[in-house]
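A short write-up of the structure that comes next.
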Amino acid sequence: MTTPESIKKIVELLLVSNNITALTGAGVSAESGIATFRDPEGLWAKFDPLELASIDGFMSNPERVWSWYQYRVNIVNNAKPNKGHYALAEFNKLNMNFNLITQNVDGLHQRAGSENVIELHGSIIRNKCFSCNEIHEEEILSENLLNYCKYCNGLIRPDVVWFGEMLPEREIDKAQKLASKTDLFFSIGTSAEVHPAAELPIISKREGAVLIEINPLKTQLSEFADIRIALPSGEAMPLIIEEYKKRVIK
Ligand code: OAD
């Protein structure tokens, strides 16, 4: 199928689906200037995830981990949502049966206007206590020095999921339920290599959903996809949503 044919087919499916789910990954924010993880220029090509994104890494050098996350928070704060985020937010408003699950911690879907986003890997903008887990949201924290919890004096850390940690229970539960009842599942801008998020498209496919992948490069999910669009999400998603709007808005 050519790309225009695939887009037409996807829109036909959107029109008849009662439940639509999208899982997004770092690729969706690439066009906002935020590095992905596993591409050749990705974060894990330059930094060691075990040093910077694990409990052991934080315990052995909390200053290094904290300052690396502050460097990433600054990038996120200076970034803007791109056309892919905006197209998904627009669809979120047009179709009540659409649910958005993200592995991204940058909050760009929400800044583009998406509501009820399920954040599987937490949020880089939010912090919590390493000891008592209390969320520290509104406080002004030092970027350069370690900060301590006002309740228990534990170290403050970003509220993101590190390697070896469990995903937030409510979020992964909701995501698994959505994946098993959805008619149409979009996997957008993710390498689909990190579990349990990577299982969601497979669950949906097993339960009978049509699986669509939007990614310029093939992933290990590609062989299971019913339709693949090999374009950046900032190009593919607006094409799909514009075509959808032509059909629903008269
Ligand atoms: P990856 O870096 O593993 O994969 C990014 C994917 O996006 C790749 O398959 C790229 O081909 C694709 N891509 C790049 N640019 C794109 C674009 N403009 N449009 C669409 N796709 C594009 O990132 P994730 O799959 O999100 O976990 O990684 C999953 C998790 O691994 C992350 O949430 C993070 C990381 O360790 C935590 O931080 C807990």
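Observations on the structure shown:
- Consider the stretch 41-65 and keep the residues that are surrounded by 17 or more Cβ atoms within 10 Å (Cβ to Cβ) and touching a Gly at 6+ places or on another chain (Cβ under 7 Å). The one that is nearest to L155 (Cα to Cα) is V65.
- The listed residue being under 17 Å from D106 (Cα atoms), in contact (Cβ under 8 Å) with a residue 24 or more places away in the chain and either β-branched (V, I, T) or in a loop (DSSP other than H, G, I, E, B) (or both), out of I156, I125: I125
- Counted residues, the stretch 4-38 - those being over 18 Å from K83 (Cα atoms) and touching a strand residue (DSSP E or B) at 6+ places or on another chain (Cβ under 8 Å): 9
- Within the stretch 93-122, considering residues that are aliphatic (A, V, I, L, M) and in a strand (DSSP E or B), the one surrounded by the fewest Cβ atoms within 10 Å (Cβ to Cβ): I118
- If the condition is being among the β-branched types (V, I, T) and surrounded by fewer than 22 Cβ atoms within 10 Å (Cβ to Cβ), then the stretch 193-218 contributes V194, I202, I203, V210.
Each row is one residue, and each column tells you yes or no for (1) charged (D, E, K, R); (2) within 18 Å of the chain's Cα centre (by Cα).
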position	(1), (2)
S131	no, no
H136	no, no
S142	no, no
Y151	no, no
R157	yes, no
E165	yes, yes
E193	yes, yes
A197	no, yes
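- Only one of the numbered conditions (1) assigned to a helix (DSSP H, G or I); (2) of a type outside the set (S, T, Y); (3) farther than 25 Å from F163 by Cα is not met by M59, and that is (3).
- Any pair with Cβ under 6 angstrom, 6 or more apart, that starts in the stretch 102-115 at a residue that is among the basic types (K, R) and ends at one that is surrounded by fewer than 24 Cβ atoms within 10 Å (Cβ to Cβ): R111/P81
- Taken as a whole, the condition of being in the same structural domain as E242 (by TED's automatic domain parsing) and buried (at least 17 other Cβ atoms within 10 Å of the Cβ) does not apply to H136.
- Any hit, the stretch 167-175, residues being closer than 15 Å to T24 by Cα and not charged (D, E, K, R): yes
- Of note, I140 does not satisfy the criterion of being within 16 Å of the ligand (Cβ to nearest atom) and of a type in the set (V, I, T).
- Looking across the stretch 12-46, the residues that are more than 9 Å from the ligand (Cβ to nearest atom), over 26 Å from L184 (Cβ atoms) and assigned to a helix (DSSP H, G or I) come down to A45, K46.
- The residue pairs whose first member lies in the stretch 185-206 and is assigned by TED's automatic domain parsing to the domain that holds L23 and at positive phi, whose second member is near the ligand (Cβ under 8 Å from one of its atoms) and assigned to a strand (DSSP E or B), and whose beta carbons are closer than 8 Å, counting only pairs six or more residues apart or on different chains, are G189/T24; G189/I214.
The values are calculated or read from the model by the stated rules, or taken from the named source; none is laboratory data. For clarity, every value in this text was computed on a predicted model and none was experimentally measured. Because the Cβ atoms are built from the backbone with ideal geometry, glycine has one as well, and the counts that use them run over all protein chains shown.
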